[in-house]
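This report concerns only the one structure given below.
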Amino acid sequence: MKKVFESPKSLTKDPFTYCPGCHHGIAHRLVAEALDEFGVREKTIGVCPVGCSVFAYVFFDCDMICAAHGRAPAVATGIKRAKPDSIVFTYQGDGDLASIGTAEIVHTANRGENITVIFINNAIYGMTGGQMAPTTLVGQVTQTSPYGRDPKTMGYPIKVAEMLSTLKGVAYISRVALSKPAYILKAKKAIRKAFQSQIEGKGFSLVEILSTCPTNWGLSPIEANKWLEENMIPYYPLGEFKTPEEVS
Amino acid sequence: MAKILIDEERCKGCELCIPACPKHIMVMAEYFNKKGYHPAKQIKPEECTGCTFCAITCPDVAIEVYK
C-alpha cells in the first residue's frame with residue numbers, strides 16, 4: 001500500500017491554531033504543496049501579515065518574516081530585490097491587504113515586483129472579532145455593521161482581483177474558493193501557476209482565495225461553506241483575470 | 001483497497017470531511033479527543049476508494065491516505 005496523501009514537507013508538524021473549519025489550514029497546505037512540488041523550499045522566504053494568519057511563520061517550514069500590518073508587499077519587495085534568486089511570497093488576509101495595506105499592494109502590483117501574493121478573502125476581520133472589512137458584502141451583518149453593510153455610508157465591497165488585473169505590471173491574477181474538493185483542486189492549480197510565473201520571472205502574481213470564517217460569521221463550518229457559495233461567489237466570480245501566455 | 005489514517009489529536013471536529021466524502025462513510029466519533037472535540041471517524045472502511053477528498057478538504061491536514 002502506497003501513501004497517496006500526506007502533510008507536505010513545507011509545513012511543520014505544529015497543529016494549526018485556527019478555529020475549526022477555517023480555510024486558512026487548506027490554503028497553507030496548498031501553498032506548502034506548491035513549494036514542495038517546485039522544490040524551492042530552501043530558497044523561499046514568506047512574509048506573514050497581521051491577522052489570524054500572523055502565526056503562519058510557525059506553520060510554514062521555510063524562512064518567514066512577519067511584516068507590520070498591511071506592509072507585507074513592501075517587505076517582500078525589499079527581500080526580492082536584495083535576493084533576486086529567492087522565491088518570495090506574502091500571505092495576507094482582507095483586513096491586511098484590502099484595508100490598511102491597499103497602498104502597498106496596489107503599488108507593488110503596479111511596479112510588477114516579481115513576488116507571489118496569497119490573498120485570503122473571508123469578507124470579515126477574523127482575529128479582531130468580526131468587524132466589517134472592505135470586502136464585507138452589501139447587507140452583511142458584522143460587529144461594526146449591525147444593520148448590514150449599507151453602501152451609502154460604507155461603500156461597496158472591493159473586488160481586489162479585478163482591480164489589480166487592470167495594472168500593467170501584473171502577470172497572473174486569479175480568484176479561487178475552497179468550499180468543496182473541486183474548487184480546492186482548482187485553487188491548487190492557480191497557486192502553482194502563480195509560483196510558476198514568479199519562478200519564470202514574469203512579474204507580480206496574486207491568487208485571491210475566497211474562504212470562510214465560521215466563528216465570526218456565526219455559522220457551522222458546513223453552513224459557512226454553503227453561505228460562501230450562495231453569497232460570495234455570485235459577487236466575487238471565480239476565474240483567471242490575467243494570465244501570461246506562457247503559464248496558461 | 002484503500003485506507004485512511006486520521007490523526008485524532010489534530011482533528012478539530014469541523015465535520016467538513018463528511019460532505020466531502022463521495023461514499024458517505026465519514027462520521028464524527030462519539031468520544032472526545034484531548035482538545036475536547038469529537039474527532040472524525042471512518043465507518044465501512046472497505047468502501048473507501050482512496051479518492052483523498054476528505055484529506056484535501058481537511059483544514060487541519062489530519063488525514064493521510066494510502067492506496
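The values are calculated or read from the model by the stated rules, or taken from the named source; none is laboratory data. These figures come from a predicted structure and were not determined experimentally. Every residue, glycine as well, gets a Cβ built from its backbone with ideal geometry; the counts of neighbours run over all protein chains shown. Ligands, DNA and RNA are stripped out before the accessible areas are found, and what is left, the full protein with its side chains, is counted by its heavy atoms. Shrake-Rupley method; radii C 1.70, N 1.55, O 1.52, S 1.80 Å.
What FRET efficiency comes out for A:Ile199 versus A:Ile65 if R0 is 22 angstrom and r is the Cβ-Cβ distance? Round to the nearest 0.05.
Given R0 = 22 Å and the Cβ-Cβ separation, E is 0.65.
With just the Cα atoms defining each centre, how far is region A:48-69 from region A:101-118? Give it in Å.
Cα centroid to Cα centroid, the span is 18 Å.
Name the lysines eligible as straight-distance cross-link partners of A:Lys193: C-alpha to C-alpha under 19 Å, and not fewer than 8 places from it in the same chain.
Straight-distance partners of A:Lys193: A:Lys43, A:Lys80, A:Lys168, A:Lys202, A:Lys242.
Which of the trypsin sites (Lys or Arg not before Pro) found in region A:1-70 are loop residues per DSSP with 10 or fewer other Cβ atoms within 10 Å of their Cβ?
Here the trypsin sites (Lys or Arg not before Pro) that fit, given the DSSP loop and packing criteria, are A:Lys2, A:Lys13.
Round to a whole angstrom and tell me the spacing of the C-alpha centers of region B:25-46 and region A:135-186.
Measuring centre to centre over Cα atoms gives 35 Å.
Charges at C-beta only: +1 for Lys and Arg, -1 for Asp and Glu. How large is the resulting dipole of the protein assembly as shown about its Cα centre, in Debye rounded to 20?
About 280 debye.
Mind checking A:176-186 for the average number of partner chain beta-carbons within 10 Å of each residue's beta-carbon?
Per-residue shielding by partner chains comes out at 3.
Return a whole-number percent for the relative contact order of region B:3-66, with Cα pairs under 8 Å and 6 or more residues apart as the contact set.
It comes to 45 percent, rounded to a whole number.
If you build a Gaussian network model of chain A, linking Cα atoms that sit under 10 Å apart, which residue out of A:Phe16, A:Phe204, A:Phe60 swings the most?
Highest fluctuation among the options: A:Phe16.
Using a 10 angstrom cutoff on alpha carbons, build the Gaussian network for chain A and name the most mobile of A:Ala27, A:Ala103, A:Ala161.
Fluctuation is largest for A:Ala103.
Which whole-Hz ³J(HN,Hα) couplings does region A:46-63 yield from phi under the Karplus relation 6.51 cos²θ - 1.76 cosθ + 1.60, θ = phi - 60°, glycine and proline marked x?
x, 10, 9, x, 9, x, 4, 7, 4, 8, 4, 5, 6, 8, 8, 8, 9, 5
Identify which of A:Ala224, A:Ala68, A:Ala82 has the largest mean-square fluctuation in a Gaussian network model of chain A, with springs joining Cα atoms closer than 10 Å.
Evaluated over chain A, the most mobile residue of the options is A:Ala82.
Counting only protein heavy atoms and a 1.4 Å probe, tell me what percentage of region A:54-183's accessible area is made up of carbon and sulfur.
Answer for region A:54-183: carbon and sulfur cover 57 percent of the accessible area.
Counting other Cβ atoms within 10 Å, keep those with at most 12, restrict to DSSP loop, and tell me which trypsin sites (Lys or Arg not before Pro) in region B:5-46 are left.
Sparse-neighbourhood loop trypsin sites (Lys or Arg not before Pro): B:Lys34.
Pairs A:Lys9/A:Lys189; A:Lys2/A:Lys188; A:Lys2/A:Lys180; A:Lys13/A:Lys180; A:Lys9/A:Lys226: which are spaced more than 27 Å apart, C-alpha to C-alpha?
A:Lys9/A:Lys226
Which of the aspartates and glutamates could a cross-linker span from B:Lys12 if the Cα-Cα distance has to be under 12 Å and same-chain partners fewer than 8 positions apart are dropped?
B:Asp60
Across the residues of A:1-10, average count of Cβ atoms on other protein chains within 10 Å?
Counting other chains' Cβ atoms within 10 Å and averaging over A:1-10 gives 6.
First select every other residue whose beta carbon is under 15 angstrom from the beta carbon of B:Glu47; then total the charges, Lys and Arg +1, Asp and Glu -1.
+4
Using amide H atoms built 1.01 Å from N in the peptide plane, name the residues 5+ places from A:Ile65, or on other chains, whose amide H lies under 5 Å from its own.
Those lying under 5 Å, H to H, from A:Ile65 are A:Gly46, A:Val47, A:Cys48.
Could you give the nm distance between label points at B:Asn33 and A:Lys3, where each point is 7 Å from its Cα heading toward the beta carbon?
It works out to 1.7 nm between the two label points.
Starting from the Cα gyration tensor of region A:64-162, take the square roots of the eigenvalues, sort them a ≥ b ≥ c, and report rounded, prolate or oblate (rounded when a/c is under 1.5, otherwise prolate if a/b is larger than b/c, else oblate).
prolate
What residues have an amide H closer than 5 Å to that of A:Val117, excluding those fewer than 5 places away on the same chain, when H is modeled at 1.01 Å from N in the peptide plane?
A:Thr90, A:Ser205, A:Leu206, A:Val207
Once R0 is set to 22 Å, what does the formula 1/(1 + (r/R0)^6) return for the Cβ-Cβ distance between A:Thr153 and A:Asn231, expressed as a FRET efficiency to the nearest 0.05?
0.60
Based on Cβ point charges of +1 for Lys and Arg and -1 for Asp and Glu, what charge dipole magnitude is obtained for region A:18-126 about its Cα centre, in debye rounded to the nearest 20?
In total the dipole reaches around 260 debye.
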